[in-house]
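Each reported figure results from applying straightforward, stated rules to the coordinates on display, with no laboratory input. Just so we're clear, the structure is a prediction, and the values are computed from it rather than from any experiment. A quick note on method: Cβ atoms are made from the backbone with ideal geometry, for glycine too, and the neighbour counts reach across all protein chains shown.
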Amino acid sequence: MVKLTEMQKELQYEFKEFVNDNVSPLAKKNDLNEVLDESLIKKIIEKGYLGSMIPRKYDGREFDSISIGILNEEMGRGCSSTRSLLTVHGMVAIAINKWGSREQKEYWLPKLAKGELIGAFALTEPTAGSDANSMKTIATEVGNSYILNGEKKWITMGQIADVFIVFAKLNDKATAFLLPRNTPGLTVKSMGDLLGVKASMLAQLNLENCIIPKENLVGKEGIGLSHVGLFSLDYGRYTIACGCVGLAQACLDESLKYCKERIQFKVPLGNQQLIQKMITEMTVNIQAARLLCYNAGNLREASDPDSIMETWSAKYFASKMVNDVSSNAVQIFGAKGLSKEFSIERYFRDARVNEIIEGSSQIHESLIAKNMLMCAK
Amino acid sequence: MRVKEKIKAFLAKHVNVNEIEDTDNIFEKGLVNSLFAMQLVMFIEKEFEVEIGNEDLDLVNFRTINSIENLIVRKKG
């Protein structure tokens, strides 16, 4: 087991308490209404969690990588949709912190840290998902501005974001831009009725002659995907992997409780060996995923280039694991696993998206294998 | 270990360095994947304790072993 520092243990306790008191009680309502409770967002802001990844000099809490992982694990345990807010907001902050100009960092990061602005990551398009480079959104340089035209879809937290990091082709090269919500020509259309993570408040963006100042380009022309996007997605992948561990833990916690309470054939359900098999598999696979996340976290904290592939591995394993674990949880609960009276059906629905976002499982299988083959002597 | 040797040691984890000349374009040869650009930035920053900023993000600085070495030497002053 990875040994947490005293500071990390204290933060873990803080996160658990916060989630138990504030997040978990609202998860069902968030899911039913397909909206994150506003008072919950305010509380997250008050705790500084939106600034968890932002340096202190920009008013963030500057948690270490393991603590960020634990924060996302606990949020995932409470409510996957809420965890997705931390993920996408963090992706915008990471992009600016790493590749932004001094002026961009000084302007945007304190606002993001304090929750004065919510950020969202706008890469995907109706015809560009895994093949991100086939994006059709274009940026044209005109004087001291860029004009953006195009469409983005499936944008998490798009319904409430104040600023988007948008990827567009500038001179046929993928480039990243900051697009404030109030830019004329930007239309945000809510998307709902998803299978799971129903409160992740997805939106479709239509950009029609959106004029932004030149200062809103992040990094340089042509590095939008190779550097800005990939650094952000790397953070997204890590927090999603950790969120999967949390969601799976929630499944296990409730399953264990149920196995002790439910009596069939005059004994608790947990006495049945085939149920014990499921519990064992859930327990061990959750721990394995957690350790992969901690491994990635430690390497990230050390800025080790190996952290990239280890994060891919953690997300691949954790996203598959949470789908298996949530499926087992439904099975353990029987008919109750299908009822909205219990949280299990929401966990099962929330689990599914994790094999699709931040790189589908198939992309992971292709990339991890190709990397291994490339490195093999 | 000298700068070039460290660069080659890092590259050796990803490609067969015996197949690369110091002046070969690593990316154009198709030997590395889409994540390599990010891995290279992290390697340079960690190994040589320099910060790669926007001003450095020109492909010219990263495409050959020689150009990577030159970038690092410039950054280290």
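Loop-resident chymotrypsin sites (Phe, Trp or Tyr not before Pro) (DSSP state other than H, G, I, E or B) in segment A:255-362 with no more than 10 further Cβ atoms inside 10 Å of their Cβ: A:PHE265.
Our estimate of slack between A:ALA288 and A:LYS16, defined as 0.36 nm per intervening residue step minus the Cα-Cα distance, is 95.9 nm.
The distance separating the Cα centre of segment A:138-199 from that of segment A:230-302 comes to 35 Å.
For segment A:312-355 versus segment B:50-77, the inter-centroid distance based on Cα atoms is 46 Å.
Under the convention that each Lys and Arg Cβ holds +1 and each Asp and Glu Cβ holds -1, the size of the dipole of segment A:1-112 around its Cα centre is about 240 debye. Within 10 Å of the Cβ of each residue in B:29-40, the mean number of Cβ atoms contributed by other protein chains is 4.
Over all directions, the projected convex hull of the C-alpha atoms in the protein assembly as shown averages 22.8 nm² in area.
How far is it, in nm, from the label point at A:GLU6 to the one at A:LEU32 when both lie 7 Å from their Cα along the line to the Cβ? According to this spin-label approximation, the distance is 4.5 nm. Length gained on full extension, A:LYS42 to A:LYS57, computed as 0.36 nm times the residue gap minus the Cα-Cα distance: 3.2 nm. Projected label points at A:LYS260 and B:ASN16, each 7 Å from Cα along the beta carbon direction, are separated by 5.9 nanometres. Eigenvalues of the alpha-carbon gyration tensor of segment A:233-377, scaled by 5 and square-rooted, set the equivalent ellipsoid semi-axes at 33, 14, 13 angstrom, largest first. Relative to the Cα centre, the charge distribution of the protein assembly as shown, modelled as +1 at Lys and Arg Cβ and -1 at Asp and Glu Cβ, gives a dipole magnitude of about 780 debye.
Taking label points 7 Å from Cα along the Cα-to-Cβ direction, A:ASN171 and A:GLU365 give a separation of 4.1 nm. If the chain linking A:ASN209 and A:ASP324 were pulled fully straight, counting 0.36 nm for each residue of separation and taking away their Cα-Cα distance, it would gain 36.9 nm.
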